[in-house]
Amino acid sequence: MGLKTGPMTWRGFQTMNPQIMKELDCTKILGLLEKNAFRNPEVVDGEVESHGFVVFDEILTTEFDANSEKTFVGSYVIFSYRRDRLKLPAAYTRALVKAEEAQAEEKKGSRLSRMERTAIKERIELMLYKKVIPSIQVADVAWSLTDGTVRIFSGSKGVVETCAELIEACFGVDLLPSEPFVRLLDENYDDAKLLKQALPAPIYIPALLNAE
Amino acid sequence: MDYLALKSKYALLGRDFLTWLYRRVDETDGQVTEAGKDTEVFFDDALTVVGEGDSPAASTFQGQPQSMKSELRAALRSGKKITRAKLHLIRPDGEWSFVLDTDEWIVRSLKVPNGSLDGSDEEALLLDRLAQLEQLESTLEQMFDAYLKIRVNSKAYQELGESISAWIS
């Protein structure tokens, strides 16, 4: 799926803010990437997912400044997007909570209150979240500084969407997906004209066959 | 721009394009002039058609292009349109194989020709892969623009509809 090796899957976007693009220089880009770099979820604060940017093809590296040669390739800015999710094995968690509750009830000599049960569940979950290996999704990003095209390399719709949102928030740009109707805007159609219905109704083959 | 309103209004544009392309490939035996000089386009062994409406029925065809032809034509006759297809592009400098998902214009699983680069120069390798995908995008845009010229012209589009129904019946 990625940019470096193997078959490539990507979705293209167009940057809609040429002025912001002009103002972005290498130092600013590296600074913004570093500001929005990936960090591990803060489990103690209840975070079970986290996302951010990492150096291209290095999911553990977020020092963009020290890796600028990997980030600026020709006229492209290249980096990767990483999204981590912590997920507990449900059956194992339930079994641990149940065992802990039984042990606490035996110690107490009576049934546990709802609050006590909740406290046990939260303690077990926190202990497991600290140990669990995250599920990691990665998408490579290639941003052409020449024409403003952003390509996000991933087959996951969700990853592409959250990555595009983070790019928008990080650089203060608007990304327009390169979808078929967008080509109409290049054909001298503006969006007001398009909203009014500029094109003839689409062909419906059964109706045409019946008319023959 | 009201992206969502425009997207819903012109959602079928991509499907209409692939259906047009399928017919062009069929009638020219892959020599689609709109793809550029010395470029051949073929539909490969996987294709999805979708009907219209809020929860449309979809059918996926897999197998040799020739063997799926009659069933695919029957699906098109019933009003379904091609929404996703595995395509093959042949040019003098190599062959590209990929799946085009037209609703969101996503290129999937693009296999590019192996260049002469040995992999030791990572930057050159990346730039080569990016150049190849840009070349593919440009070819797709060229074909889509050719379709769009017909699509925006009422008379030309009506003639296209008539020729498609004659071809398919």
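Computed from the coordinates by the stated procedures, all read-outs in this text should not be read as laboratory data. As the structure is a computational prediction, the values presented were derived from the model and not from experiment. Positions of Cβ are generated from backbone atoms using ideal geometry, with glycine treated the same way; all protein chains shown enter the neighbour counts.
What value does chain B have for Rg/Rh, both radii from Cα atoms and Rh as Kirkwood defines it?
Values: Rg = 17.1 Å, Rh = 17.2 Å.
Radius of gyration over Kirkwood radius for chain B works out to 0.99.
Using unit Cβ charges (K, R positive; D, E negative) and no other charged atoms, how large, in debye to the nearest 20, is the dipole of the protein assembly as shown about its Cα centre? Intermediate results must be reported in sequence, preceding the final value.
Values: 47 positive and 61 negative charges, 334 e Å.
Around 1600 debye, computed over the protein assembly as shown.
Going down the list B:69/B:149; A:28/B:7; B:9/B:80; B:37/B:111; A:157/B:37; A:87/B:111, which pairs span over 24 Å between their C-alpha atoms? Distance filter (> 24 Å) returns B:69/B:149; A:28/B:7; A:157/B:37; A:87/B:111. Counts of other chain beta carbons within 10 angstrom of each beta carbon in peptide B:3-10 average 5. As an equivalent ellipsoid, the range A:80-185 spans semi-axes of 49, 13, 11 angstrom, where each value is the square root of five times an eigenvalue of the C-alpha gyration tensor, largest first.
With the Cα gyration tensor of the range A:91-130 giving a ≥ b ≥ c as the square roots of its eigenvalues, does the rule (a/c under 1.5 for rounded; else a/b larger than b/c for prolate; else oblate) give rounded, prolate or oblate?
Cα axes put the range A:91-130 in the prolate bin.
In plain terms, the residue of B:130, A:3 with the fewest other Cβ atoms within 10 Å comes first and the most crowded comes last, giving B:130, A:3.
Would you please classify the overall shape of the protein assembly as shown from the alpha carbon gyration tensor, given that a ≥ b ≥ c denote the square roots of the eigenvalues, rounded means a/c under 1.5, and beyond that prolate means a/b larger than b/c while oblate covers the rest?
Numbers: a/c = 2.17, a/b = 1.58, b/c = 1.37.
Judged from the Cα gyration tensor, the protein assembly as shown comes out prolate (a/c at least 1.5, a/b above b/c).
Normalising the average separation of contacting C-alpha pairs (under 8 angstrom, six or more residues apart) by the number of residues puts the relative contact order of the range B:23-169 at 19 percent. Highest mobility in the GNM of chain A, judged by mean-square fluctuation with C-alpha springs under 10 Å and restricted to A:113, A:50, A:135, is found for A:113. For the pair the range B:63-93 / the range A:7-23, the C-alpha centres are spaced 31 Å from each other.
Using only alpha carbons, build the gyration tensor for the range B:1-55 and give me the equivalent ellipsoid semi-axes, biggest first, whole Å. Before the final figure, lay out the partial values.
Values: eigenvalues 154, 46, 13 Å².
Its equivalent ellipsoid spans semi-axes of 28, 15, 8 Å.
Add +1 for every Lys or Arg and -1 for every Asp or Glu among the other residues with Cβ under 12 Å from the Cβ of residue A:92, and state the total. Present the calculation step by step, with values, prior to reporting the outcome.
Details: positive: A:87, A:94, A:98, A:131; negative: A:125.
Net of charged neighbours comes to +3.
Using a Gaussian network model of chain A in which every pair of alpha carbons under 10 angstrom is joined by a spring, one finds that among A:74, A:109, A:172 the greatest mean-square fluctuation is at A:109. Comparing A:126, A:32, A:195 in a Gaussian network model of chain A, where Cα atoms under 10 Å apart are tied by springs, the biggest mean-square fluctuation is seen for A:195. When all alpha carbon pairs of the range A:1-158 are counted in 10 Å bins from zero, the resulting P(r) reads 10, 29, 24, 15, 12, 8, 3, 0 %. Between residue B:150 and residue B:27, the modelled labels are 0.6 nm apart [label points 7 Å from Cα along Cα→Cβ].
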